[in-house]
Amino acid sequence: MTQASRPVGQHTDNYPNGDSGPYSSAQWRALFSTLFTSDPTTQGPLMNYENELAVTNPAGRTIRVATGAAFVNGNLLFNDAQVDFTASIPAGSQRYDRIVACLNESASAYSTSLAFPDTLTDYNDASSIQAYACRLVLLQGAEGGGPPSLVQTDAHYMVPLAQYIISTAGVISSLTDQRTFAVFQGSRTKKVFIQAQVGQNVDDSTQINIAVGNGIYMPNGKECYAEAWFMLPGDYHGDGIVYPVSMPALGGNIYAYFDIYGGGCSESMTTFSGSVGYGAYAVTKDKFACVPSLTVPSSAEAGDFIRLNFYRDGGHVSDTINSALNFHGFYLEYVGRD
């Protein structure tokens, strides 16, 4: 059979003469995966639903998962109350743990390397995931080792939500958001261009203004920078990457540095920051150069004010284009809410 349709109107199974049900769980999971996850190995939480299964460490060894929902290899998990885990203290060396949504698509309870919340009743006495169920669990790593590997088999399937380190003193650190949101196959990736607004020739202490057709003109042999301010769009949800946009008069390497600062109302400009240190980046004559890229810090939110700075040290030995660089601005690529 090369074509099928689901669901159709009859209530009895008329396959192979038609496509009506009853339908298996595998068929429904395949349908959801096709619609909402281009990569089931990483994609999970639903964007904009409840609190998106955000993971926090409110105090001590408590790891808290907020309300939300997620696709786990096509299975849809709902969570309508916060879930608290207590991370166990390692005996001899620090340990990496992960919070995951785990599907147990087998006839037996599943608990290998997993820890469970104590106060919820929708597990097998808080000691395992019952057969044919999907639950939030704590995946424990090996002491002294790296982050535990995700189990992604037909019988057991995990998608990551967060990762942290716990010390032998019971201190939680390096809590990292690992959610990749399930994306409807009509992409939510968006792009915005931000024009450079002003520049500076650092060596000559002179301001560089926008020139028609040239943007910010950065002469050879000089250290210069360009700056732009903008606000993260109202539909910004995350996974932002910023690319500087320049046009070199000759090919070679530009020696460049790129940083970002930002914050919201009543916050400082350095509430969050990031940078790509000076390095040599290959460019081509008369072709738009979009290097180096910089990830927007995960703490940035829609409506935050952002300052972007792009530096070119045209006098450095690693800057080999031996000509001017016209800098035009930045473009932002991000996942939107709509």
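Among the residues that make up the range 170-179, is at least one of them under 21 Å from Asn73 (Cβ atoms), assigned to a strand (DSSP E or B) and of a type in the set (A, V, I, L, M)? No: zero hits. The combined condition, being surrounded by fewer than 18 Cβ atoms within 10 Å (Cβ to Cβ), more than 26 Å from Ser173 (Cβ to Cβ) and at pLDDT below 95, is not fulfilled by Leu46. Among the residues of the range 171-192, count how many are loosely packed, with under 13 Cβ neighbours inside 10 Å and touching a residue at least 12 places away in the same chain (Cβ under 8 Å). Result for the range 171-192: 4. Put simply, of Ile166, Ile216, Ile172 the only residue that is aliphatic (A, V, I, L, M) and under 30 Å from Phe330 (Cα atoms) is Ile216. Looking across the range 280-312, the residues that are closer than 22 Å to Tyr217 by Cα, part of a loop (DSSP other than H, G, I, E, B) and either in contact (Cβ under 8 Å) with a residue 60 or more places away in the chain or over 18 Å from the mean Cα position of the chain (by Cα) (or both) come down to Thr284, Lys285, Asp286, Lys287, Phe288, Cys290, Val291, Pro292. Residues of the range 82-128 that are among the hydrophobic types (A, V, I, L, M, F, W, C), touching a Leu at 6+ places or on another chain (Cβ under 8 Å) and in a loop (DSSP other than H, G, I, E, B): Ala87, Phe116, Ala126.
Which ones in the range 24-37 are surrounded by fewer than 14 Cβ atoms within 10 Å (Cβ to Cβ) and part of a loop (DSSP other than H, G, I, E, B)? Selection gives Ser24 alone.
Against the criterion of being touching a Phe, Trp or Tyr at 6+ places or on another chain (Cβ under 8 Å) and either more than 30 Å from Ala115 (Cβ to Cβ) or in contact (Cβ under 8 Å) with a residue 40 or more places away in the chain (or both), Asn57 qualifies. Could you grab me the full set of residues in the range 313-326 that are within 13 Å of Tyr257 (Cβ to Cβ) and either not charged (D, E, K, R) or not in a strand (DSSP E or B) (or both)? Selection gives Gly314, His316, Ser318, Asp319. The single condition among (1) on the phi > 0 side of the Ramachandran plot; (2) surrounded by 12 or more Cβ atoms within 10 Å (Cβ to Cβ) that Pro160 does not meet is (1).
The values are calculated or read from the model by the stated rules, or taken from the named source; none is laboratory data. What you see is a predicted model; the values in this text were computed from it and never measured. Note that we place each Cβ from the backbone using ideal geometry, even for glycine, and neighbour counts take in every protein chain shown.
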